[in-house]
């Protein structure tokens with residue numbers, strides 16, 4: 001027969017409590033039953049706590065269709081899908097419609113477009129430019145940096161530099177003005193950078209350097225370019241700051257002579273200098289401006305400048321750049337700067353120093369971003 005089996009240890013009673021250390025394992029964290037909630041539940045709660053609150057989209061005017069945008073912009077939005085692309089386009093149209101009159105409402109529309117199309121460069125561009133108009137320079141700078149990464153374009157370098165000024169960092173504005181990509185901008189963009197960098201010089205107290213860097217051949221352009229009155233007014237303002245008032249007046253007059261739309265404010269500035277009061281604002285009720293005393297006004301008194309004198313070349317402006325300087329030299333205070341110094345930019349095969357304008361939008365206002373674009 002079969003050999004007797006050796007005695008085996010008796011198995012523990014499965015119905016009893018003698019299961020050893022295994023008895024309490026169900027209470028360990030991470031096991032079902034009495035364990036705490038899984039990590040995914042905690043993550044879900046954490047996400048809920050940090051979720052961006054719902055922001056209702058601003059109302060869009062009934063006449064806005066989105067087709068007001070240029071075809072290349074609509075093509076860029078097409079990747080969002082038809083319905084979403086149309087909604088984003090309509091918000092962008094509203095942002096452009098309101099930015100000059102109601103910039104805060106324009107920002108609401110730009111932000112609504114961003115929530116639906118944050119990966120589209122033209123959307124981020126709109127958000128950045130509207131933020132700039134609102135004086136939100138940090139937000140504008142971040143958005144325009146994103147646009148540059150997405151597109152590789154440097155077209156907004158002047159606005160970015162002006163944002164640095166607005167944030168109280170004129171040295172960084174000058175560093176952007178020295179970026180080699182400035183040389184790839186069109187004439188309008190280069191003039192804008194010229195004005196911004198001049199403003200940065202003034203921010204640093206380098207008023208003589210501001211004059212020098214605005215002494216570019218573009219001042220002698222014939223009437224026509226939209227930036228010309230602003231460039232001349234910026235130069236006039238820089239001369240004023242350094243006490244060269246006679247030369248400054250000549251350049252204020254030259255700015256006014258090519259400024260049919262009044263974008264430079266030169267005519268108003270000259271009127272203030274001459275004590276002229278415009279009749280646009282009526283006198284308070286019951287008050288009438290006094291008639292001039294004929295004995296107090298001599299024939300021929302007042303400024304003698306004629307149209308020919310206003311448009312004639314003003315103080316000598318050297319046509320050509322001076323020695324190159326590095327960014328460090330450009331930002332160092334130096335009241336004895338020679339004409340033509342500054343980082344160089346290429347203009348139609350030649351070069352012209354990047355100077356220190358006073359604002360990318362308004363050439364002789366001391367605050368960055370203070371005028372219409």
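Read-outs throughout are calculated quantities, based only on the coordinates presented, and are distinct from any laboratory measurement. Everything numeric here is computed off the predicted structure, so don't read it as measured data. When we count neighbours, we look across all protein chains shown, and the Cβ atoms used for this are built from the backbone with ideal geometry, even at glycine.
If you rank 60, 120 by fewest surrounding Cβ atoms within 10 Å, what's the result?
Values: 60 17, 120 22.
Result, fewest neighbours first: 60, 120.
When ranked by the protection proxy of mean other Cβ atoms within 10 Å per residue, highest first, what sequence do the peptides 125-131, 236-242 form? Please report the intermediate quantities before stating the final value.
Numbers: 125-131: 25.3, 236-242: 23.1.
Highest mean packing first, the order is 125-131, 236-242.
How big is the equivalent ellipsoid of the range 154-284 along its three axes, where each semi-axis is √(5λ) from the Cα gyration tensor, reported in whole Å from largest to smallest? Show your work: numbers first, answer last.
Working: eigenvalues 150, 55, 44 Å².
That gives 27, 17, 15 Å for the three semi-axes.
How would 80, 194, 98 line up from fewest to most surrounding beta-carbon atoms within 10 angstrom? Each step should come with its number before you reach the end.
On the way: 80 18, 194 30, 98 21.
The most exposed by this proxy come first: 80, 98, 194.
For the range 64-105, state the semi-axes of the equivalent ellipsoid (square roots of 5 times the eigenvalues of the alpha-carbon gyration tensor), sorted largest first and rounded to whole angstrom.
Details: eigenvalues 82, 20, 11 Å².
Gyration-tensor ellipsoid for the range 64-105: 20, 10, 8 Å.
Radius of gyration and Dmax for the range 192-251's Cα atoms, expressed in Å?
Cα radius of gyration and Dmax of the range 192-251 are 10.9, 32 Å respectively.
With N denoting the number of residues in the range 109-153, provide Rg(C-alpha) divided by 2.2 N^0.38 Å, to two decimal places. Each step should come with its number before you reach the end.
Numbers: Rg = 9.5 Å, N = 45, 2.2 N^0.38 = 9.3 Å.
Dividing the Cα Rg of the range 109-153 by 2.2 N^0.38 Å gives 1.01.
Show me the three semi-axes of the equivalent ellipsoid for the range 52-132, from the C-alpha gyration tensor (sqrt of 5 times each eigenvalue), largest first, rounded to whole Å.
Working: eigenvalues 59, 40, 32 Å².
Computed over the range 52-132, the values are 17, 14, 13 Å.
When the convex hull of the Cα atoms of the range 169-211 is projected onto a plane and the area is averaged over all directions, what value comes out in nm²? Spell out each step's value before the answer.
On the way: hull surface 11.2 nm².
Convex hull of Cα atoms, orientation-averaged projection: 2.8 nm².
If you project the alpha carbons of the range 55-212 onto their three principal axes, what span does each projection cover, largest first, in Å?
Cα spread of the range 55-212 along its principal axes, largest to smallest: 55, 29, 22 Å.
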